[in-house]
Amino acid sequence: MSVPSPGYAAPVPVLALGDVLLVTLQGDLHDDTAERLRQDLTRRIARHSGGRVTGVVIDISGVEVVDSYLGRVLAEIAASARLLAARTVLTGMRPAVAITLVELGLTLPGLLTALDVERALELLSGPDPAGARAPDAEGGG
Amino acid sequence: MQTSPGTAATILPIGSDADLAWARHQVRQAAAALGFGLVQQTKLITAASELARNTLVHGGGGHLEITPVAHGKARGLRLSFVDTGPGIRDLELAMTDGYTTGGGLGLGLSGARRLVHEFRVDTRPGGGTTVTVVMWLAGMPVPRPGTG
C-alpha cells in the first residue's frame, strides 16, 4: 500500500473529455480541497467553453477513506450538477470504503456509481432516464 | 484493559483542517503496525475522522491520543478525542442519526459508534468532551463492555 500524502492541499485537476468532466481524487483530501473542488466543478459545468457538459465522472479508486464530510461534498456535487443538467458518476470505490460507508449510515442515494471510468463513460453515453430535469422538479404540476 | 507494555501513547493536536489529515495518517500507521486488516483500518480511520472533526468543529479544537491496548491476549487500539469546549448538553439527542448542529449530516457520533467495538463519551455542559473508542484486532476475542 502506498503511503498517502498526509497533506493533500493542492487543487484537484479537472479534465475535459468531450462533454464529460473527469476528476481523479488521490490520497487524503483536506476538507477545503474538497470544498474547492465542488465550487470549481459547478462553475465549469455552468460555463464550459466547448459546449455543454452532460456528465461528470469522479474517480475515487485512489481514495482510502471517505468520511461523512467528503461523502456530503460528493453528494452535493452530484445534486448541483443535476440542477445544471449534468449527471455525476462516482467510480472506483474501494470495497473497504463501501463497507465502511454503509455502516456509517452514508449510502449516498441519488449518486450514480460505476466500477471504473470506462464503464462510467458508457453509462453517460446512454440515455438519461431522468431527462435533463432535476428529479425534484417532477410532479410540480 | 491495559496499555500495552513498552508502547507510549501518541498525542496529536487537533486545531485545523491539516491536523485532521495528519490524524487520519497517524491512525492508519498505528493500525497497520498492529496488524489490522484493510477493512478494519478503513473503519477505524473513518471513525477517527468523524470524531476528530467533531473535536475541531464542536469542541473548538483539542487533541487525539492514540494508545495501543491489550486485554489478555487481545490487542487493540484506543483513540481518545479530547476537547475543552462547551460539552454536549443532550448526549442522547447528539447520538441520534441525522441530528446536527454543525451543518453536517449528523452522522459523526452515531456513525462512528457503529464502526468501532467500544465507544464512550464523557461530557458535561461547559466541561468539554472526551470521546474514547477502541478497536480490537479481528480474530481476537473481543472483551465484553464492562469487563475491561
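The values are calculated or read from the model by the stated rules, or taken from the named source; none is laboratory data. Everything numeric here is computed off the predicted structure, so don't read it as measured data. Every residue, glycine as well, gets a Cβ built from its backbone with ideal geometry; the counts of neighbours run over all protein chains shown.
The one condition from (1) closer than 17 Å to B:Val133 by Cα; (2) surrounded by 18 or more Cβ atoms within 10 Å (Cβ to Cβ) that B:Glu65 does not meet is (2). How many residues does region A:12-36 hold that are surrounded by 15 or more Cβ atoms within 10 Å (Cβ to Cβ) and either within 14 Å of chain B (Cβ to nearest Cβ) or under 16 Å from A:Arg87 (Cα atoms) (or both)? Looking only at that region, the number is 17. Across region B:18-36, the number of residues qualifying as closer than 18 Å to A:Leu104 by Cβ and within 10 Å of another protein chain (Cβ to nearest Cβ) comes to 5. Tell me which residues, restricted to region A:45-63, are surrounded by fewer than 19 Cβ atoms within 10 Å (Cβ to Cβ) and either touching a residue at least 60 places away in the same chain (Cβ under 8 Å) or of a type in the set (D, E, K, R) (or both). Residues satisfying the conditions are A:Arg47, A:Arg52. Might you let me know whether region B:121-129 holds any residue that is away from every other protein chain (no Cβ under 14 Å), closer than 15 Å to B:Ile14 by Cβ and of a type in the set (Ser, Thr, Tyr)? Within region B:121-129, one or more residues are away from every other protein chain (no Cβ under 14 Å), closer than 15 Å to B:Ile14 by Cβ and of a type in the set (Ser, Thr, Tyr). All conditions in (1) touching a strand residue (DSSP E or B) at 6+ places or on another chain (Cβ under 8 Å); (2) in contact (Cβ under 8 Å) with a residue 40 or more places away in the chain; (3) within 22 Å of A:Ala98 (Cα to Cα) hold for B:Leu64, with the sole exception of (3). Counting only strands (runs of 3 or more DSSP E) that sit wholly inside region A:49-141, those with at least 3 residues that are modelled with pLDDT of 95 or more and either within 14 Å of another protein chain (Cβ to nearest Cβ) or under 30 Å from B:Ser49 (Cα atoms) (or both) are A:55-62, A:87-91. Return a yes/no flag: does region A:105-115 have any residue that is more than 28 Å from B:Ser110 (Cβ to Cβ) and either free of Cβ contacts under 8 Å to residues at least 60 places away in the same chain or small (Gly, Ala, Ser) (or both). The answer is yes, given that some residue of region A:105-115 is more than 28 Å from B:Ser110 (Cβ to Cβ) and either free of Cβ contacts under 8 Å to residues at least 60 places away in the same chain or small (Gly, Ala, Ser) (or both).
Taken over region A:10-39, the criterion of being basic (Lys, Arg) and under 20 Å from B:Asp19 (Cα atoms) is satisfied by A:Arg36 alone.
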